Structure formats: structure tokens, C-alpha cells
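Below is one structure, written out as C-alpha cells; the observations come after it.
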Amino acid sequence: MISRRMFIGAASALAAVSPAPASAAGAKSRERFDVVVAGGGPAGVAAAVAAARKGAKTLLLEAHYALGGIWTAGLVGCCLDFDKGGLSDEIIARLDALGARHSANRMNFHYEPEYMKLVCEELCREAGVRVRLGTFVAGAETEGRRIVAAVTESKSGRESWSASSFVDCTGDGDLAARAGCGFDMGIAKDGTGQPASLDALVLVEDAAALAPFLMYQGRASGDPRNALAAEMKRAGVTPSYGIPTMYLVHPHLAVLMSNHEYGVRVDDADAISEATLRARREVIGQIAALARLGGPWRNVRVAATAEQIGHRTSRRIHGRHVLTREDVVSGARFDDAVCESRYPCDIHALDAKSGAVSAADTEGKTTGVKWKPFQIPLRALRAKDLDNLWMAGRCISGDFVAHASYRVTGSAVATGTAAGRAAAEEAI
């Protein structure tokens, strides 16, 4: 079990040491922009579109060869705490027009990841955002309290992109960390926190027959996750995630989240690589075992595994306001609020032993966190250590407990929109 004492001291978890700003030596200087957005996931797409619509010359840098981040490369397949208006409404409308959203619920729904790629790309194209794919942030040039340029690596080599304002939407706070900003990470003394998971798309032959094991299919009683875990046990496998979850994103296509990788820091490439390989082997093995059962599992098959493992823990960059456990418990209100976080503090077990008892906690039964909807202020999106750097998504300023609520993509889109607008207003 995760002790309550661990969470009381969450805000004081050991801060990771910020790396020295990387040099742009040898980097090819590229054209100047008003706003550079690092990371093309939910927050980054929203930030870039918002900045461009404000009239700012905007560049969006994305490490993968598609936009969408955890939505697409991560195959998460669901949008949570999403109905916040603005760009969220546009995304819903575009998914619906493509027939790629499968729920009448606008707050929490499922979608087809390939179509989400197109939605993100078309939003950026129509707004006039310059998109650079296959390009990751490798460093930053700073002068005093300002970032001068983001340094990237790609097929074009090392490049330097200058701008008046920058927005870190990398999820892990990569740009901010490389620019020397202070941050916290995780809750444990070594900086680790919630486990990572690798999602998969699974082909199913008869969704109706699998209804007892699928979430959100209107089952009258019982938890489909427990039923799925029991089926895996019957098939001879024990998932590392104690409550494996499967849900439809199309009549013959489901998302499976069934593994936990513990102690994987977002700044440890070796650990991430090993966890990804281990997770992929586990997930494909689970589906093969289920297929051997026959019956409703006949011809079940992995269609794709995620290109990136999904981290629940990230760097939390120090901002002008730090969202805290107290803000969550009290349902804090702010004069400069940009949105409201209405998702529970979803805290997954920090180690395999605890996970065997309680894999995830959204009701405070294990952690004691009785949450209320709380607002996210603009100040939490502005870096404390640099004057022209904004953050959006799960790397904004907060403690371990608050992060467990605002890390979902509904808040990412809302904070991305706010950060992009603010960056553009400063730049032009």
C-alpha cells in the first residue's frame, strides 16, 4: 500500500538538478519566429494554433513523424476531462465529421488515433503553423533570464531556432530543463513516481461477445477490468497492471492498457528503452494467450503497439505559482484561471508490491486525497526562472498530487491554448 505520509510531503520531494544550458556550437541558424513551441502533442498543437491565430509567426517542433503525442504515438485512444470549450470543441467536431469519435459524452470519450493525427495536422495547417517533424529539442541558448534559441537535432543535423517567446509542451519539460529551469519530478527520493504504460491497438472479431471484459459497454454489474484480469489469469498470464483495461475505439478495434513499468524516469533513455521492449513483449504475449482461449477471444490480434511508452510522471517545471495538494483538496479558485481541472487525482501504485494490492487510486481510498475541481492559474504556466518561457500540459508547475489530476489531455489542450496566446501577445 502507498502510505499517506508519502503524499503529505509530495511538494518537498527532492528537486532534480537542472542541467547546464546546452551550447548551440555547430548548429545551423534558421529563420526567426515570434513563437517556438516544443512538442506537438495535445498541449503543443493547442499552443501553436492559438499563437498562430493571434498573428504570431509560429514554429511547432515534434520528435515523431506525426502530431498528437500521447493521443497518436502513445495510442491512448481516449480524451479525458475534455469538454472545456474553445479548441476542444473544434477537435470534437472534426473527429465527429470523420466518424472517428465513438461516444455521445463530450467530457470523456474514445477516438481512432489515425484520424486524430489528421485532425491535429489540419488544425495547424489551417492556422498557418510551420510544422517540423522528426525534430527533438537537444539544447537551448540563453541570455540572462531569456531563451534566445531552441537547439534541435534532426535529419538536417543540429539547428538553432530563435524566437521572442517559447512554449514547452514536450510533456517532460525537456526545453525548460535544457534551458536551466528548476523542476521537481516524482515523489520518491530518486525522482521516480507513477509507473509508465505501453498501450496497444487490438483487433477483435466479436465485440458483443467480449462486452463483459470491455469498459464503457453498459454492463449492468461488475467491473470489466477485474473480469479481464481473471481471463488473463485463466490464459496463464498475470498482467503487471493489476486492473487491465480494454475499450473499443471502433466496432472491431480496441485499446488495451495492461502493463505497468515501475521506476522509469523520463530523463533516463536506457531505462525507457528497456521498459518499452519489456512492455511490448508483455502486451503481445497477453493477447497471444487470450487468443489461445478461443471462444470470444477467437482471432484477437495486436494491430499496433505504441511508438512511445506513456509516462504518468514528468518533470514539473517551477513556475510563478505551484499548484499543490491543498489547492486540490480545497477546490482552489484564481483570478487568472485558464481552466478547471475536473479529473480525479489518478495515482497509480509506485511499485509492483503496492500495485498487487491497489493498482490505481482515483477516489482517495489509499492516498487519502479527497479532491475537488480546482482551477489552473496562468501563473502556473509561466517559468519562474526565465521570462519568455511558458509551459503547457503535464510539465506545468505543481506538486505530485495536483499533477495526478491535471496531467490528462483535456487540461493539456486548455493550458496549451492559454500558453500559446500569452506567448504570442508577448512576442508581437
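The values are calculated or read from the model by the stated rules, or taken from the named source; none is laboratory data. None of the values given here were measured: they were computed from a predicted structure. So basically every Cβ, Gly included, is an ideal-geometry build from the backbone, and we count neighbours across all protein chains shown.
Which members of segment 124-138 meet the condition of being of a type in the set (G, A, S) and more than 20 Å from A56 (Cβ to Cβ)? Step through it out loud before you land on a result.
Within segment 124-138, the subset of a type in the set (G, A, S) is 127-128, 134, 138.
Selection gives G134, A138.
Condition test on A176, is it surrounded by 22 or more Cβ atoms within 10 Å (Cβ to Cβ), within 24 Å of T72 (Cβ to Cβ) and touching a Cys at 6+ places or on another chain (Cβ under 8 Å)?
In short, yes.
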Quick one: in segment 44-66, of everything that is of a type in the set (G, A, S) and surrounded by fewer than 24 Cβ atoms within 10 Å (Cβ to Cβ), which residue is farthest from L175 (Cα to Cα)? G55
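Listed here are the residues, each with its yes/no results for (1) of a type in the set (K, R); (2) out of contact with any Gly (no Cβ under 8 Å at 6 or more places or on another chain); (3) closer than 23 Å to L350 by Cβ; (4) buried (at least 20 other Cβ atoms within 10 Å of the Cβ).
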| site | (1), (2), (3), (4) |
| --- | --- |
| A271 | no, no, yes, no |
| E274 | no, yes, yes, no |
| V283 | no, yes, yes, yes |
| A289 | no, no, no, no |
| L293 | no, yes, no, no |
| P296 | no, yes, no, no |
| A306 | no, no, yes, yes |
| T324 | no, no, yes, no |
Within segment 321-339, the count of residues that are more than 16 Å from F400 (Cα to Cα) and among the acidic types (D, E) comes to 2
Of the residues in segment 139-169, those that are closer than 11 Å to L61 by Cα and either acidic (D, E) or not assigned by TED's automatic domain parsing to the domain that holds T58 (or both) come to E153, D168
Listed residues D199, D190; which is charged (D, E, K, R) and either surrounded by 15 or more Cβ atoms within 10 Å (Cβ to Cβ) or in contact with a strand residue (DSSP E or B) (Cβ under 9 Å, 6 or more places away or on another chain) (or both)? D199
I'd like the full set of residues that are without any contact (Cβ under 8 Å) to a residue 60 or more places away in the chain and among the small types (G, A, S), limited to segment 284-305. G285, A288, A289, A291, G294
Based on what the data block shows, is W371 at pLDDT 95 or above and touching a helix residue (DSSP H, G or I) at 6+ places or on another chain (Cβ under 7 Å)? no
Do any residues in segment 228-240 that are of a type in the set (S, T, N, Q) have Cβ atoms under 8 Å from those of residues that are in a loop (DSSP other than H, G, I, E, B), where the two are at least six apart or on different chains, and which pairs are they? S240/S258; S240/N259; S240/H260
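Restricting to segment 327-343, count the residues that are within 25 Å of I243 (Cα to Cα), assigned to a loop (DSSP other than H, G, I, E, B) and touching a strand residue (DSSP E or B) at 6+ places or on another chain (Cβ under 9 Å).
Quick first cut of segment 327-343, residues within 25 Å of I243 (Cα to Cα) only: 341-343.
Right, trim to assigned to a loop (DSSP other than H, G, I, E, B) and you get 342-343.
Within this subset, residues satisfying the condition of being touching a strand residue (DSSP E or B) at 6+ places or on another chain (Cβ under 9 Å) are 342.
Result for segment 327-343: 1.
Among the residues of segment 102-113, is any outside any loop (DSSP other than H, G, I, E, B) and either charged (D, E, K, R) or on the phi > 0 side of the Ramachandran plot (or both)?
Narrowing segment 102-113 to residues outside any loop (DSSP other than H, G, I, E, B): 109-111, 113.
Imposing the further condition that a residue be either charged (D, E, K, R) or on the phi > 0 side of the Ramachandran plot (or both) reduces the set to none.
The answer is no; no qualifying residue exists.
When you go through G186, G182, G193 one by one, which is the residue that is at pLDDT 95 or above and within 23 Å of the chain's Cα centre (by Cα)?
Numbers: G186 fails: at pLDDT 95 or above; G193 fails: at pLDDT 95 or above.
Unique residue meeting the criteria: G182.
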The number of residues in segment 149-159 that are touching a Gly at 6+ places or on another chain (Cβ under 7 Å) and in a strand (DSSP E or B) is 3
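Which is touching a helix residue (DSSP H, G or I) at 6+ places or on another chain (Cβ under 9 Å), part of a loop (DSSP other than H, G, I, E, B), farther than 24 Å from L198 by Cα and not assigned by TED's automatic domain parsing to the domain that holds V249, of A47, A51, A73, A56? Give the derivation first.
On the way: A47 fails: part of a loop (DSSP other than H, G, I, E, B); A51 fails: part of a loop (DSSP other than H, G, I, E, B); A73 fails: farther than 24 Å from L198 by Cα.
Only one candidate passes the filter, namely A56.
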Checked segment 389-409 for anything in contact with an Asp or Glu (Cβ under 7 Å, 6 or more places away or on another chain) and surrounded by fewer than 24 Cβ atoms within 10 Å (Cβ to Cβ); matches are none
